[in-house]
Amino acid sequence: MIRYLLPLGIFIIIVGFLFVGLGLDPKKVPSPFIGKPAPEFNLPRLYKPEERVTTADMKGKVWLLNVWASWCVSCRAEHQVVTRFAKTGLVPIYGLNYKDEPQDAKAWLGALGNPYVASLADQDGNAGIDWGVYGVPETFVVDKKGIVRDKVIGPVTEEIVQERLIPLVKKLQAEEG
Amino acid sequence: MRVLLLICLLAATAAVTANIETYKFDDARKEADYQTLVHELRCLVCQNQNLADSNAELAQDLRRKTYEMVEKGLSKDEVVEYMVARYGDFVLYKPPLQRNTLALWGGPFVIFIIAVVVLIRIIRRRPSSSERLLSEEERQRAEQLLKQQTEEK
């Protein structure tokens, strides 16, 4: 009897592994930054290139960094969601305009609306590398102490905003700065 | 005519290789380090390719970054550390041995041991080879036949 049951058992185990594997998304690489200080940046603002924004400017508040580009199709998809979220005024959202041409980026924001407190232009992608960006759009949640607390890879959906971002932001805002 | 054809062929190969940038190194060891690194680091956009093979923008940027760091005199470990700090262990094609990779590193050995145990059991179950396969009579006959054959030669 065991002769026949053993292969069946092995088969079922393999099927189990494969089934779990089906549900995993290889694009979702865990970010090594969660729980670590946000990488420093010092970038010009998209609309006022002479003004620069640094991570030190955000100290003491919870903020979001939304990485986007005009060439990125799924950024277009999430833009409405991000805009709606920004309008609630719950949390300042900064845009990191990743490897983009300033005039393309401005045209894009002009057409679709600008939800960002400030857009930071990372034309050569160096800040993107420092933040471990590999697939735009990506959204980071940074707490009052400047620690990265969460990262959304891929487009932000209404569901993610309601169930993940809003509760997290509220929790972080209640924390001591 | 043949020369013209050769030139055309050479031009074609130049066009094929032109999309991978070449970096100049002042030191052969640095170049070797760079080559090892771009072969061992994974491109996170096209995940089954390393930096050397990938043509994604991110891979180009990371190659440039690797080049800059190697040129600056950073060691291979320092470059790897830089990448892991940003992209996590996933950027390594050769994962480090740590708690969450134990199954990955140990798995093959465990499977090997199981295979050896199964193999030994299968071999044991077979009739042992020391069992007499020929009776005394048959053995003598076989010997005789063999002897005859060698004498005939």
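Below are the figures for this structure:
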read-out: Residue under evaluation residue A:39, criteria (1) within 14 Å of chain B (Cβ to nearest Cβ); (2) over 15 Å from the mean Cα position of the chain (by Cα), criterion not met; value: (2)
read-out: Residue within region A:72-82 that is at positive phi, assigned to a loop (DSSP other than H, G, I, E, B), at pLDDT below 90 and not aromatic (Phe, Trp, Tyr) present; value: no
read-out: Any hit, region A:22-36, residues being at pLDDT 85 or above and part of a helix (DSSP H, G or I); value: yes
read-out: Leading residue by the ranking (farthest from the other protein chains (Cβ to nearest Cβ)) among those in region B:53-87 that are crowded, with 18+ Cβ neighbours inside 10 Å and of a type in the set (Gly, Ala, Ser); value: B:54
read-out: Residue ranges of strands (runs of 3 or more DSSP E) in region A:115-177 with at least 2 members surrounded by 19 or more Cβ atoms within 10 Å (Cβ to Cβ) and within 14 Å of chain B (Cβ to nearest Cβ); value: A:138-142, A:148-153
read-out: Test set (1) out of contact with any strand residue (DSSP E or B) (no Cβ under 8 Å at 6 or more places or on another chain); (2) part of a loop (DSSP other than H, G, I, E, B) - residue A:56 fails condition number; value: (2)
read-out: Among residues of region A:67-100, those that are aromatic (Phe, Trp, Tyr), within 14 Å of chain B (Cβ to nearest Cβ) and surrounded by 22 or more Cβ atoms within 10 Å (Cβ to Cβ), counted; value: 1
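Okay, residues lined up against (1) of a type in the set (A, V, I, L, M, F, W, C); (2) farther than 25 Å from residue B:49 by Cβ; (3) in a loop (DSSP other than H, G, I, E, B); (4) free of Cβ contacts under 8 Å to residues at least 12 places away in the same chain:
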position: B:74; (1), (2), (3), (4): yes, no, yes, yes
position: B:80; (1), (2), (3), (4): yes, no, no, no
position: B:83; (1), (2), (3), (4): yes, no, no, no
position: B:96; (1), (2), (3), (4): no, no, yes, yes
position: B:151; (1), (2), (3), (4): no, yes, no, yes
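The values are calculated or read from the model by the stated rules, or taken from the named source; none is laboratory data. From a predicted model like this one, the values you see are computed outputs, not experimental measurements. Heads up, the Cβs are rebuilt from the backbone with ideal geometry, glycines too, and the neighbour counts pull from every protein chain shown.
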